1. May I ask you to say which residue of Trp123, Trp104, Trp99 is under 20 Å from Ile65 (Cβ atoms) and surrounded by 21 or more Cβ atoms within 10 Å (Cβ to Cβ)?
2. Go through the stretch 104-129 and give me each residue that's in contact with a Phe, Trp or Tyr (Cβ under 8 Å, 6 or more places away or on another chain) and assigned to a loop (DSSP other than H, G, I, E, B).
3. Taking the condition of being assigned to a helix (DSSP H, G or I), surrounded by fewer than 19 Cβ atoms within 10 Å (Cβ to Cβ) and touching a helix residue (DSSP H, G or I) at 6+ places or on another chain (Cβ under 7 Å), how many residues in the stretch 130-147 meet it?
4. With the requirement that a residue be out of contact with any Ser or Thr (no Cβ under 6 Å at 6 or more places or on another chain), in contact (Cβ under 8 Å) with a residue 12 or more places away in the chain and of a type outside the set (D, E, K, R), what does the stretch 87-109 give you?
5. Within the stretch 134-165, count every residue that is touching a residue at least 40 places away in the same chain (Cβ under 8 Å) and either among the hydrophobic types (A, V, I, L, M, F, W, C) or closer than 17 Å to Pro80 by Cα (or both).
Amino acid sequence: MFNNTKTKIQNFFIKPRSIKPKALLASILLIAIYCAGFWGWANVNDSYAMAEVNVPKVVEDNRTIKEHVFSLLIDECQIPFDEVVSAMAMIERCENPSWDEFDWNINSPTKGCPNGSVDWGIWMINDCYQLKNFDSRSELVRCATDTYCATRYACRLYREWGNSWEAWTCGR
C-alpha cells in the first residue's frame with residue numbers, strides 16, 4: 001500500500017500534464033489578486049474599486065448608526081436640533097434610506113463630471129465634486145464609507161454651504 005501511494009505522489013509531480021489555458025489563467029489571476037492585496041498594490045488611487053473594505057465598527061453601547069450620526073451632529077458638530085432633524089430626514093428620504101454606510105450610487109455624466117460619478121456611504125459623498133477635498137479617490141471612499149469620518153465631513157460641508165444642507169441634491 002505504501003509503495004502504491006509513493007508511486008502516485010511521484011507520478012503527480014513527475015508525470016507531464018497538459019494544463020488547460022483557462023485553468024492556468026484562473027490560477028495566475030488568483031495569485032495576482034492575492035499578491036496585490038498582500039503588498040498593497042490593489043490600493044489604486046484613481047479607481048472606483050475599493051481595495052480595502054471597511055469593517056463595521058463594533059459599538060459597545062449598541063446604538064444604531066442613526067443614533068451615532070445624530071449624536072455626532074448634535075454633540076461634536078453642534079448643529080442646531082432643527083437642522084439635525086432636517087439632515088436625518090434628508091438621509092432617510094432620498095440619500096440613503098437604508099442607512100448603509102457601504103451603500104453607493106452611480107450617477108450619469110453631467111457638465112461638471114463628464115465621466116459620471118459615484119456617491120458613497122450614508123451621506124452619499126460624491127467622488128467627482130468632493131474629490132478636491134481629499135488626497136485621492138480611495139481616501140474619499142474610505143472616509144465616505146466610515147460613519148464617523150463621513151458625518152464629520154458632512155458637518156464641514158454644512159458649514160461651507162452657509163449652515164445649509166444644500167450641498168446635497170435632496171437638501172435643496
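1. On the way: Trp104 fails: surrounded by 21 or more Cβ atoms within 10 Å (Cβ to Cβ); Trp99 fails: surrounded by 21 or more Cβ atoms within 10 Å (Cβ to Cβ).
Of Trp123, Trp104, Trp99, the one residue that is under 20 Å from Ile65 (Cβ atoms) and surrounded by 21 or more Cβ atoms within 10 Å (Cβ to Cβ) is Trp123.
2. Across the stretch 104-129, the qualifying residues are Gly112, Cys113, Gly121, Ile122, Trp123, Met124, Asp127.
3. Residues meeting the conditions: 1.
4. Within the stretch 87-109, the first condition is being out of contact with any Ser or Thr (no Cβ under 6 Å at 6 or more places or on another chain), and the residues that meet it are 87-100, 103-106, 108-109.
Filter again for in contact (Cβ under 8 Å) with a residue 12 or more places away in the chain, leaving 87-88, 90-91, 93-96, 99-100, 103-106.
Result: Ala87, Met88, Met90, Ile91, Cys94, Asn96, Trp99, Trp104, Asn105, Ile106.
5. Looking only at that region, the number is 9.
Each row is one residue, and each column tells you yes or no for (1) hydrophobic (A, V, I, L, M, F, W, C); (2) touching a helix residue (DSSP H, G or I) at 6+ places or on another chain (Cβ under 8 Å); (3) in a loop (DSSP other than H, G, I, E, B).
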residue	(1), (2), (3)
Lys66	no, yes, no
Val69	yes, yes, no
Asp82	no, no, no
Phe102	yes, no, yes
Ala154	yes, yes, no
Tyr158	no, yes, no
Gly162	no, no, yes
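Okay, residues lined up against (1) more than 19 Å from Leu72 (Cα to Cα); (2) polar (S, T, N, Q); (3) assigned by TED's automatic domain parsing to the domain that holds Ser98; (4) at pLDDT 95 or above:
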{"site": "Val118", "(1), (2), (3), (4)": "yes, no, yes, no"}
{"site": "Ile122", "(1), (2), (3), (4)": "no, no, yes, no"}
{"site": "Asn126", "(1), (2), (3), (4)": "yes, yes, yes, no"}
{"site": "Tyr129", "(1), (2), (3), (4)": "yes, no, yes, no"}
{"site": "Lys132", "(1), (2), (3), (4)": "yes, no, yes, no"}
{"site": "Tyr148", "(1), (2), (3), (4)": "no, no, yes, no"}
{"site": "Trp165", "(1), (2), (3), (4)": "no, no, yes, no"}
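The values are calculated or read from the model by the stated rules, or taken from the named source; none is laboratory data. This structure is a prediction, so every number in the text was calculated from the model and none was measured. Every residue, glycine among them, receives a Cβ derived from its backbone with ideal geometry; neighbour counts consider all protein chains shown.
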